[in-house]
Every structure is written in C-alpha cells, then in structure tokens.
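J.: What follows is a structure written as structure tokens; I'll ask about it next.
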Amino acid sequence: MENIIYITVVFLLAGIVKGVTGMGLPTVALALLSLVMTPVEAAALLIVPSLLTNVWQLLSGAPVYPLWQRLWPMMAGICVGTGLGTVAGTLMGGMMGGAVAADAKMASGALGVALVAYAAMGLLSLRWRLRASEAMMSPAVGAVTGAITVATGVFVIPAVPYLQALELEKDDLVQAMGLAFTVSTVALAVSLAARGAWQPAAAGMSFVAQLPAVAGMLLGQRLRSLMAPALFRKCFLFALLLLGMHLALDAAWH
C-alpha cells in the first residue's frame, strides 16, 4: 500500500514537471522510484505514462510529418542503439538490458551518473556546437541515446542537447522532444519485454500510474502561467543533480 501511494505521488510530481517544462516525466519518475526499487523495475512502471504524455506532447502542435522527415535518421538510430544495447547488456549481465539478471547497484550507479551529467549540462547552460552535418550526426546521436536508455532508463542524453543545437523553433523543439521520447519509450518497452522485465503486474501498475501523471501534467500546464518556468527548471535540475549524486555515491559505496 505504501508503495502504491509513493508511486502515485512520484508520477503526480513528474507530471507537474512535464506540464511546466515540457519534459522531465521519465527522468523525475525514474530518479525518485529508484530510491525504493531497482532501475529496471522503475523503468517498467514508466512505460505507459511516458508513452501517453509524450504522444500527447507530440500531437499537440503542428503536423508531425515535416519533423519526422528531418529527424527519422535519429529515430532509427535510437531503435538500433536500444537493440544493440540490449544485446550487449544481456551478454555483459550488468546493464538494464540484462533485465532479470542485471546488477541493480550497477544500474543505479549508471542512472546516477546520467542524471548528474544531464543536470550539470542544464545548470551550466552548456550548448552543443554542431561540427558535422546533421545527416551524419542524427543517427549517431540516436544510437548513443538508445544505448544509454538501455543502460539507465534515461533517454534525454544526448538527445535533448542535440535537438537544442539544431536551433529549432520553440514549438518545433517541444514536438521534436516528444517524438524522440515516444520512440525511446517504445524501444525501451520492447527491450524490457524481450528481457522478461515487463510482466503483467508491472504493466498493470504502469497503466494505473498514467492517471496521476496526466493529472500532474494538466496541473503543471496551468501552473506554467503562474510561475517562472526558467526558475522552476533550475530548481528541478538542481534536485536531479542531488538525486543523481546520491544514487551514484550509494552504488559506489556498496
């Protein structure tokens, strides 16, 4: 019962962050859930809420096809990277792709490092300067994103910094992130199912978790006009930094 209450609160908070900033639901949910369960268990819970809210974000703007035409190499890279990461994780037995046999502490440590890196880049306002053509970079960035997703459950690195570096219009950037997160969520779900980590119980709880996630997202969208999104984002990133440090240090200590 306590776990259900905790999961509900986590997805409500993650939904609020998503509503205010346009991103962060899987990252926040995974970080907080990993305090009480393994990252692979947490990843299994976020599949449905993440998919629903990201499809919502993707379809809330202009037609998606022009973005898809531009970004499909990155999306293909995400799928390939997730697949290769799953195979590599299974062989190594130490990453999230290994699902049941994965080393939970190693996965927690990898998640912590990913959160610290993502939060630090955001807080320091580091911007990616593209030195190669988009045609070359997109599939490579997608593949690395997919591999990191398998290892940690976090699919914002390096996808988000790369999309920001493309200098898309604000609404296009939000849609592009929705597209990347949707593809990453589906790829992660397939990876987890292939490894036997997305069991009926986890799938059922994931469907339930979408309710507080959507409620939080709607609340966050209303709060967006009442607060400074930039300040909120900095507080959110600082909290992620602390959570990531905790997970990484705890894994290293043990």
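J.: Can you name the residue in segment 110-137 that is among the small types (Gly, Ala, Ser) and either surrounded by 23 or more Cβ atoms within 10 Å (Cβ to Cβ) or closer than 22 Å to Phe236 by Cα (or both) and is also modelled with the lowest pLDDT among such residues?
T.: First, pick out the residues of segment 110-137 that are among the small types (Gly, Ala, Ser): 110, 112, 114, 117, 119-120, 122, 125, 132-133, 135.
Going one step further and asking which of them are either surrounded by 23 or more Cβ atoms within 10 Å (Cβ to Cβ) or closer than 22 Å to Phe236 by Cα (or both), we end up with 110, 112, 114, 117, 119-120, 122, 125.
Values: Ala110: 84, Gly112: 87, Ala114: 87, Ala117: 89, Ala119: 88, Ala120: 90, Gly122: 85, Ser125: 80.
Here the answer is Ser125.
J.: Leu223 fails exactly one of the following numbered conditions: (1) assigned to a helix (DSSP H, G or I); (2) more than 19 Å from the chain's Cα centre (by Cα); (3) crowded, with 16+ Cβ neighbours inside 10 Å. What is the number of that condition?
T.: (3)
J.: Determine which single condition Asp103 fails, assuming it passes every other condition in (1) modelled with pLDDT under 90; (2) touching a helix residue (DSSP H, G or I) at 6+ places or on another chain (Cβ under 7 Å).
T.: So the condition that Asp103 fails would be (2).
J.: At pLDDT 85 or above, farther than 18 Å from Thr27 by Cα and surrounded by fewer than 20 Cβ atoms within 10 Å (Cβ to Cβ), is that true of Val208?
T.: yes
Residues checked against (1) under 15 Å from the mean Cα position of the chain (by Cα); (2) within 21 Å of Leu51 (Cα to Cα); (3) of a type in the set (A, V, I, L, M, F, W, C):
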residue: Ser184; (1), (2), (3): yes, yes, no
residue: Ala187; (1), (2), (3): yes, yes, yes
residue: Leu192; (1), (2), (3): yes, yes, yes
residue: Ala213; (1), (2), (3): yes, yes, yes
residue: Gly216; (1), (2), (3): no, yes, no
residue: Phe232; (1), (2), (3): no, no, yes
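J.: Look at segment 20-47 and say how many of its residues are within 28 Å of Ser225 (Cα to Cα) and in contact with a Ser or Thr (Cβ under 9 Å, 6 or more places away or on another chain).
T.: Step one: of segment 20-47, the residues within 28 Å of Ser225 (Cα to Cα) are 20-32, 46.
Still in the running and in contact with a Ser or Thr (Cβ under 9 Å, 6 or more places away or on another chain): 25-26, 29-30, 46.
Qualifying residue count for the region: 5.
J.: Additional query: Name the pairs: first residue in segment 128-155 and farther than 21 Å from Thr38 by Cβ and in contact (Cβ under 8 Å) with a residue 60 or more places away in the chain, second residue in a helix (DSSP H, G or I) and among the polar types (S, T, N, Q), Cβ to Cβ under 8 Å, at least 6 apart or on different chains?
T.: Cβ pairs passing all conditions: Thr145/Ser184.
J.: Pick from segment 169-203 the residues that are surrounded by fewer than 19 Cβ atoms within 10 Å (Cβ to Cβ) and not in a helix (DSSP H, G or I): which of them is modelled with the highest pLDDT?
T.: Among residues in segment 169-203 that are surrounded by fewer than 19 Cβ atoms within 10 Å (Cβ to Cβ) and not in a helix (DSSP H, G or I), the one modelled with the highest pLDDT is Glu169.
J.: Then there is this: List the number of the failed condition for Val156; all other conditions in (1) surrounded by fewer than 22 Cβ atoms within 10 Å (Cβ to Cβ); (2) touching a Gly at 6+ places or on another chain (Cβ under 9 Å); (3) outside any helix (DSSP H, G or I) hold.
T.: Of the numbered conditions (1) surrounded by fewer than 22 Cβ atoms within 10 Å (Cβ to Cβ); (2) touching a Gly at 6+ places or on another chain (Cβ under 9 Å); (3) outside any helix (DSSP H, G or I), the odd one out for Val156 is (1).
J.: Considering (1) in contact with a helix residue (DSSP H, G or I) (Cβ under 8 Å, 6 or more places away or on another chain); (2) surrounded by fewer than 20 Cβ atoms within 10 Å (Cβ to Cβ); (3) assigned to a helix (DSSP H, G or I), say which one Ala62 fails and leave the rest.
T.: Single failed check for Ala62: (3).
J.: So, one more: Within the set of pairs 6 or more residues apart or between chains, which connect a residue that is over 18 Å from Val36 (Cβ atoms) inside segment 236-254 to a residue that is polar (S, T, N, Q) and part of a helix (DSSP H, G or I) with Cβ atoms less than 7 Å apart?
T.: From segment 236-254, the pairs are Phe236/Thr21.
J.: Which residues, counting only those in segment 118-127, are touching a residue at least 12 places away in the same chain (Cβ under 8 Å) and farther than 14 Å from Gly153 by Cα?
T.: Ala119, Ala120, Met121, Gly122, Leu123, Leu126, Arg127
J.: I'd like the residue in segment 226-239 that is within 18 Å of Leu30 (Cβ to Cβ) and surrounded by fewer than 18 Cβ atoms within 10 Å (Cβ to Cβ) and, out of all such residues, is modelled with the highest pLDDT.
T.: Applying the filter and picking the extreme gives Phe238.
The values are calculated or read from the model by the stated rules, or taken from the named source; none is laboratory data. Keep in mind that this is a model prediction, so the values were computed, not measured. Here the Cβ is made from the backbone with ideal geometry for all residues, glycine too, and neighbour counts use every protein chain on show.
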